[in-house]
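Please treat every number below as a calculation from the coordinates, not as lab data. This structure is a prediction, so every number in the text was calculated from the model and none was measured. A quick note on method: Cβ atoms are made from the backbone with ideal geometry, for glycine too, and the neighbour counts reach across all protein chains shown.
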Amino acid sequence: MLYLNGQFLRPEDAKISALDRGCLFGDGVYEVIPVYSRQPFRLAEHVHRLDASLASIALPNPHSAAEWMELVQAVIARQDYDDQSVYLHVTRGSASERDFPFPQDVEPTVLINPAPLVTPSHEQKARGVRAISHADFRWLRCDIKSLNLLPTVLLREAAKRAGCAECLMFRDGWLSEGAASNIFVVKDGVIAVPPKDHLILPGITYDLVLELAKQHGLPLEVRRISEAETRAADELWMTSSTKEILAIVELDGQPVGKGQVGPLAQRMDAHYQEFKQ
Ligand code: PDD
């Protein structure tokens, strides 16, 4: 069962207008919330980021934080599996004609659509994954979790065709993030990550990694990271709500460090798994 505009429906019964602005313009924002054993993970943080994304596109938030949490819990309760990936989006709704400026008196479209959660396999965790890289050709508001995902679609397809799990992006010689993940770099025992500015998504997992590093006394720097530094790293990690903390052991065909999952990736993943309990 999914949730659409106030109703719980079977996916085959859920219909959205062909004039929905999400469909015509990508005029909306989204969240992906992981759910372990029916417990949403960091739900308040996701709801907070949703509010920030909505504010950034001047779309009034149709629900309070408490209402969002209740709705997400109601959707979780209606599924017959325990570990879920809850996709949630809000669009500016559907007007009677296709016109770029905001329509007046239109209700937003709210969709909450869960799927079984697929986290990295044991093999991916143990061996790490491979990545390619590409110039970051997205816009300059990557801090908004926008429905305009064509760059992500193209870059993840390129990664898949290369037998890789992610595509790292560089803008003007600096690391930004992965197509659908944040990227951490380790050199000489120090973890580094680019700052949360308009060039990257402020990841919920990113924030948790920062918290865990602090809690466990692991050195971590938030600063700009050059492409050369990224390629010379001892370890690279990708982080996201569904990938958790996943080591990248090969970039563009070259081994990252020793080409194996590094000790700090193992440690951070252990802290993350412990935190999840
Ligand atoms: N993607 N950067 C980008 C561009 C992302 O799309 C994502 C998440 C992240 C990581 O954010 P978080 O830790 O909050 O999941 C970073 C989601 C999972 C997706 O689009 O499916």
- [ ] Determine the dipole magnitude for the range 75-124: charges of +1 sit on the beta-carbon of Lys and Arg, -1 on that of Asp and Glu, nothing else is charged, the reference point is the Cα centre, and the result goes in debye to the nearest 20.
- [x] 100
TODO: List, in order, the whole-Hz ³J(HN,Hα) value for each residue of the range 49-66 obtained from phi through the Karplus relation with A = 6.51, B = -1.76, C = 1.60 and θ = phi - 60°; use x for Gly and Pro.
DONE: 5, 4, 4, 5, 4, 4, 4, 5, 9, 6, 10, x, 5, x, 9, 6, 4, 4
Task: Net +/- balance of residues flanking Gly93 in space, Cβ distance below 11 Å, scoring K and R +1, D and E -1 - done: -2
Open item on the list: Let me check I've understood the local charge: for Ser64, count other residues with C-beta under 15 angstrom from its C-beta, Lys and Arg +1, Asp and Glu -1. What total comes out?
Closed with: -3
- [ ] Enumerate the amide H contacts of Asp234 below 5 Å, restricted to partners 5 or more residues apart or on another chain; note that Pro and chain-start residues carry no placed amide H.
- [x] Val186, Lys187, Asp188
Open item on the list: Based only on other Cβ atoms within 10 Å, what is the fewest-to-most ordering of Trp139, Trp237, Trp68?
Closed with: Trp139, Trp68, Trp237
Open item on the list: Run lengths n ≥ 4 of DSSP H only: what is the helix-derived mean residue ellipticity at 222 nm for the chain, with -39500 (n - 2.57) per run over all residues, to the nearest 500?
Closed with: -8500 deg cm²/dmol
Open item on the list: If I model the range 122-276 as equal point scatterers sitting on the Cα atoms and use the Debye formula, what is log10 I(q)/I(0) at q = 0.17 Å⁻¹?
Closed with: -0.94
Open item on the list: How would Phe137, Phe102, Phe184 line up from fewest to most surrounding beta-carbon atoms within 10 angstrom?
Closed with: Phe137, Phe102, Phe184
Task: Largest-first principal axis extents, alpha carbons of the range 2-116, Å - done: 44, 31, 19
- [ ] Arrange the following residues from fewest to most other Cβ atoms within 10 Å of their Cβ: Tyr81, Tyr3, Tyr272.
- [x] Tyr81, Tyr272, Tyr3
TODO: Work from the charge dipole of the chain (Cβ charges, +1 for Lys and Arg, -1 for Asp and Glu, about the Cα centre) and give the residue of Tyr3, Gly189, Ser96 farthest towards its positive end.
DONE: Gly189
Task: For Arg138, net neighbour charge (Lys/Arg +1, Asp/Glu -1) across residues whose Cβ lies under 12 Å away - done: -1
Open item on the list: Using the Cα centre of the range 1-93 as the reference point, and only Cβ charges (+1 on K/R, -1 on D/E), how large is the resulting charge dipole? Debye, rounded to the nearest 20.
Closed with: 140
TODO: Let me have the relative contact order for the chain, percent, based on Cα pairs under 8 Å that are six or more residues apart.
DONE: 18
TODO: Counting only C-alpha contacts under 8 Å and six or more residues apart, can you give the relative contact order of the range 122-276 as a whole percent?
DONE: 26
Open item on the list: Relative contact order of the range 34-135, please, whole-number percent, based on alpha carbon pairs below 8 angstrom and at least 6 residues apart.
Closed with: 28
Task: Radius of gyration and maximum dimension Dmax of the chain, Cα, Å - done: 19.2, 59
